Amino acid sequence: MALKVETRGLEKKYHDAVEHWTRHNFKDYPVLLASWDKYFPQDEPFCLCAKLELGTPDTISVGELKGEKKRLKPGEMSESQAQHLLAIIKAQASTEFGSIQQHAGTVDRARDDEDKFWVLRVMAEELRHGYQMLHLLLSEDWSGVSGGVTGEQMVEEILSMTTGSHVLDSFNLDYDSFVDNIVFAACIDRVGKYQLTMQKVCAYKPMADSMPPMLREEAFHLAAGVIPMRRWAQKAAAGDPFVTMTMMQHALNKWVPRGLEMFGDERGGDTNVKFGFKDMKNGEAQALYVEELKKMVRDVNARFLRARFPEYGPEQAEQVLAELERTRDVHRGVHFSDLLRVPDVRFFRRKGENAFRMTGLDGESYEDADAYLRHLAANLNDGYVASRDLRNYAEALREVAAGTKTVEEAVRAMPRLKRVGGSCPCSKGVRWVMESPGGGQETVAVR
Amino acid sequence: MPDVISAVRIRPLDELDVDGIVRIDEKIGGQYRPETWERRVVFYLRRDPGASQVAEAGGRVVGFMLGDCRAGEFGLEQPSGWMERFGIDPEFRGQDIGRRMFDAMCAHFRAAGATSVRTLVSRDDAAVGGFLRAIGFGDSALVALERKIGE
C-alpha cells in the first residue's frame, strides 16, 4: 500500500534507454512482470518510476546548515556541496544498476523458483532505484558543478557501466554461484539500507524524499537474503549434501570485507555530516552494520542448531551456541567451525585503515604474504579463488609485504571501474583502470 | 515481571526479527514453527513494510504485531488497515506493549490513507477478544461468514 508518495517518470528517451538497458542486462525482466501475480499475488504491480515521499521535513537536521531550509535545487547549494552530492548520486546509481548485472549472471542457478523470483524482484526494484537516481540527475540542472557533463552524458555514463562479467577479462567481482545472490542480498543490500537511512536527512530535499520509498523496498531485499540463508542452515543441519554452512561462510568471507569498505574509510565521513547529507560518519555506521551482521549470523546458527537437535528448546539451543562461541569446541558432533561467523573487520581488506594488514578470519595476524594468501584460499570459494580479482589482490599484497609498494600505492593499484563512453546508452565501452601515482589513469582492460 | 516498561522500544518489523517472533510463538503455543514465521515475515515486509511492528527490550523481541494496509477486498475500495497476527512474550504482558504497537501500526495506516483498522477473532478466544476491545475495537458492520465444503 502506497503511503503519501508522488510518482514521476523520466523523459521518454531516458525511460526508453533504461528499458533498452534491461534487454542487455536483465533479460528476465519481462518474465518477472509476466509472473508477478503468481509469485507476489495481490502486491502492487511493479512500477518503473521515481517515487518521492511527501510530507518529509523541510529543515536541515544535521551539519553546518542545521536549522536552515532544505535545498530544492543544486544551485542553492555551495559548489563543493553540490559537487559532493552529485558524486554520491552517481555512485548510488551505478551501484543500483551494477547489482542487477551481478545478480543476472547466476540467478538462473537458483535451486527453486521462489528463491529465483525473489531475486528477480530484488533486481527489478534495484532497477527502479537506479531510475530514481537518474531522475535526480535529470530533473534539475547540475551543469554548474558537473564539469560540463550534461545530464544526457551522465545517464549514458551510468548505463554504460558494468560491474563485472564473465566475458570481461579483468578485475571483477562476479557472482560465483547462486549462494552469492543470497549472501550479497543479506550483506551488501544491508550496507545499502544504512546508506539510504543515513541519507533520509539529506539537505537536498529531492534526495531525502527519494529515500523512504527505496528503503521500504530494501526491507524485502534483506529478507530475500536472510530467509534463504536460514532455510539453507536448516537443510545443512539435516544433512543435505548440496547445502553446507561452509558455502555460506565462504560467501560471507567474500562479501563482508567489501561491504565494510562500502562505508568508506573508517576515519572519514565528516564532510557528509558537515554538508547535512548523512547523519552518521563512516566508522559509526560501519560499527552498527557489524553488530547487525553478528545478529544475523547468530540467528542462522541458532536455526542450524535447532534443526540438528530438534529435542532442544530455545534456551538450550542458545546455551549450546554460547558455549560453542566461548570454547570454540564441539558439541555432540557440531564443531564451532561448522557454524557461521562474521569475519574480523580487518580480514581481507584492501581499503580503509585495515587495508593489506594480513589479518585472518578470526583476527589472527600473518607475517608472511603467501601464508596469508593460503589462508584466504582455504576460506573463499574455489571460483573466486581462481578469479582475476584475487590474483590482482595477491600481487599487490606481496608487493606491500616485500616493501616494494606502500599500502597507499597498493590501494590505488586495485583496478576499479572508471569513466566509460559510447554512443549507445548500453555501450560496452567500459574500462578498468588503475590510478597512477600522479593521479592519472592507466587502462588495464577494455571491453 | 521485569520492570522494563520504559526500556521497551517499538519499531517497525525487520527481517532479523524472525527468531524473536518464533520464540514468542513457541513460548505461547508450545510449537517451534520457524518456516511459518519466515514466510509471514517476508510476506509483510513485501506487502507493506513499515506497517508491522515489534516491541524490543534489551535487544530482544518481546512482542510483535503484523498487518498491512490494503484496498479493494470485499468491496472495500477505501484503504483499510488489517491487523492479522500479534503476540507478546508472557513475561512482558500487562505493560501496555500491545497498545503501543497498535498505536504505531495505526500511525502507519493513517499515513497510507486508511480511516479504519479491521481484524478477525474467534468468539471463543476471550483473552484476545478482550485485548482487542481494550484497544478500541468494536463490532463491525461486516460479518465474517463461513461455510464448510469438506465431505
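The values are calculated or read from the model by the stated rules, or taken from the named source; none is laboratory data. Keep in mind that this is a model prediction, so the values were computed, not measured. Virtual Cβ from ideal backbone geometry, glycine too; neighbours counted across all protein chains shown.
In the condition set (1) over 21 Å from residue A:7 (Cα atoms); (2) in a helix (DSSP H, G or I); (3) without any contact (Cβ under 8 Å) to a residue 40 or more places away in the chain, residue A:229 is compliant with all but (3). Say we look at region A:300-318 and pick out the residues that are more than 20 Å from residue A:239 (Cα to Cα) and within 11 Å of chain B (Cβ to nearest Cβ); which of these is surrounded by the fewest Cβ atoms within 10 Å (Cβ to Cβ)? For region A:300-318, the residue satisfying everything is A:315. When residue A:194 is tested against (1) under 15 Å from residue A:96 (Cα atoms); (2) within 12 Å of another protein chain (Cβ to nearest Cβ), just one condition goes unmet, and that condition is (2).
Would you call residue B:32 at the interface with chain A (Cβ under 10 Å from one of its Cβ atoms), buried (at least 18 other Cβ atoms within 10 Å of the Cβ), out of contact with any helix residue (DSSP H, G or I) (no Cβ under 7 Å at 6 or more places or on another chain) and hydroxyl-bearing (Ser, Thr, Tyr)? So residue B:32 fails the test. Of the residues A:223, A:236, the single one that is assigned to a helix (DSSP H, G or I) and away from chain B (no Cβ under 11 Å) is A:236.
Would you mind stating whether residue A:195 is at pLDDT 90 or above and more than 16 Å from the chain's Cα centre (by Cα)?
no
Of the helices (runs of 4 or more DSSP H) contained entirely in region A:1-114, those carrying at least 3 residues that are within 14 Å of chain B (Cβ to nearest Cβ) and either within 22 Å of residue A:125 (Cβ to Cβ) or in contact with a strand residue (DSSP E or B) (Cβ under 8 Å, 6 or more places away or on another chain) (or both) fall at A:29-39. Please work out which residue is nearest to residue A:314 (Cα to Cα), limiting yourself to region B:80-111 and to residues that are within 13 Å of another protein chain (Cβ to nearest Cβ), in contact with a Lys or Arg (Cβ under 9 Å, 6 or more places away or on another chain) and of a type in the set (Gly, Ala, Ser). Selected residue: B:81. Here is the figure for region B:6-39: residues that are farther than 25 Å from residue A:44 by Cβ, among the polar types (S, T, N, Q) and assigned to a helix (DSSP H, G or I) total 1. Here residue A:121 fulfils each of the conditions (1) free of Cβ contacts under 8 Å to residues at least 12 places away in the same chain; (2) under 21 Å from the mean Cα position of the chain (by Cα); (3) farther than 15 Å from residue A:199 by Cα apart from (1). Considering region A:319-330, and only residues there that are assigned to a helix (DSSP H, G or I) and surrounded by fewer than 17 Cβ atoms within 10 Å (Cβ to Cβ), the residue that is farthest from the other protein chains (Cβ to nearest Cβ) turns out to be A:327. Within region A:115-124, restricting attention to residues that are surrounded by fewer than 23 Cβ atoms within 10 Å (Cβ to Cβ) and within 14 Å of another protein chain (Cβ to nearest Cβ), which residue is nearest to residue A:156 (Cα to Cα)? Among those residues, the one meeting the criterion is A:124. Checked against (1) surrounded by fewer than 14 Cβ atoms within 10 Å (Cβ to Cβ); (2) part of a loop (DSSP other than H, G, I, E, B); (3) not basic (Lys, Arg), residue B:130 meets all criteria but (2). Annotation: of all residues in region B:1-18 being at pLDDT 95 or above and in contact with a Phe, Trp or Tyr (Cβ under 9 Å, 6 or more places away or on another chain), the one that is farthest from the other protein chains (Cβ to nearest Cβ) is B:8.
Please report, ordered by residue number, the helices (runs of 4 or more DSSP H) entirely within region A:350-415 with at least 2 residues that are more than 23 Å from the chain's Cα centre (by Cα).
Filter on region A:350-415 gives A:369-379, A:388-402, A:407-413.
Among the residues making up region B:40-79, those that are outside any loop (DSSP other than H, G, I, E, B), within 9 Å of chain A (Cβ to nearest Cβ), out of contact with any Lys or Arg (no Cβ under 6 Å at 6 or more places or on another chain) and surrounded by 14 or more Cβ atoms within 10 Å (Cβ to Cβ) are B:41, B:42, B:45, B:46, B:47, B:69, B:70.
Only one of the listed residues (A:370, A:389) is among the acidic types (Asp, Glu) and in contact with a Leu (Cβ under 8 Å, 6 or more places away or on another chain). That residue is A:389. For region A:136-158, the count of residues that are farther than 30 Å from residue A:279 by Cβ, crowded, with 21+ Cβ neighbours inside 10 Å and in contact with a Leu (Cβ under 7 Å, 6 or more places away or on another chain) is zero. Among the residues of region A:331-351, none is identified as within 14 Å of chain B (Cβ to nearest Cβ) and acidic (Asp, Glu). Being within 11 Å of the chain's Cα centre (by Cα) and either under 22 Å from residue B:137 (Cα atoms) or in contact (Cβ under 8 Å) with a residue 24 or more places away in the chain (or both) is a condition met by at least one residue of region B:89-99.
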